Amino acid sequence: MSGMVMGPQQAGYHRLRWNGRDDAGRPVVSRAYLYKLVTEEAVLTRKLTLLR
């Protein structure tokens, strides 16, 4: 998805803002989306709800 960070990051606090668009730049529809955070200690999958 557009605006998503993929790949290794430096240790520390990070903030990510998703613009609600797909890879082609089109707005995505209102619904629940899943995102995944992978660290050396854990893999976390969470739900994000986009309401337009």
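Quickly run through the stretch 21-44 and pick out the residues that are among the polar types (S, T, N, Q) and at pLDDT below 95.
At the first step, the residues of the stretch 21-44 found to be among the polar types (S, T, N, Q) are 30, 39.
Result: 39, single match.
Only one of (1) modelled with pLDDT under 90; (2) open to solvent by less than 90 Å² (accessible area, probe 1.4 Å); (3) outside any loop (DSSP other than H, G, I, E, B) fails for residue 18. Which number is that?
Condition not satisfied by residue 18: (3).
Considering only the stretch 27-52, how many residues are of a type in the set (D, E, K, R) and either surrounded by 10 or more Cβ atoms within 10 Å (Cβ to Cβ) or not in a loop (DSSP other than H, G, I, E, B) (or both)? Outline the logic, then answer.
Within the stretch 27-52, the first condition is being of a type in the set (D, E, K, R), and the residues that meet it are 31, 36, 40-41, 46-47, 52.
Then keep just the ones that are either surrounded by 10 or more Cβ atoms within 10 Å (Cβ to Cβ) or not in a loop (DSSP other than H, G, I, E, B) (or both); that gives 31, 36, 46-47.
Count: 4.
The values are calculated or read from the model by the stated rules, or taken from the named source; none is laboratory data. Source: prediction; values computed, not measured. Backbone-built Cβ (ideal geometry, glycine too); neighbour counts: all protein chains shown. Protein only, heavy atoms only, side chains kept; ligands, DNA and RNA dropped before computing areas. Shrake-Rupley method; radii C 1.70, N 1.55, O 1.52, S 1.80 Å.
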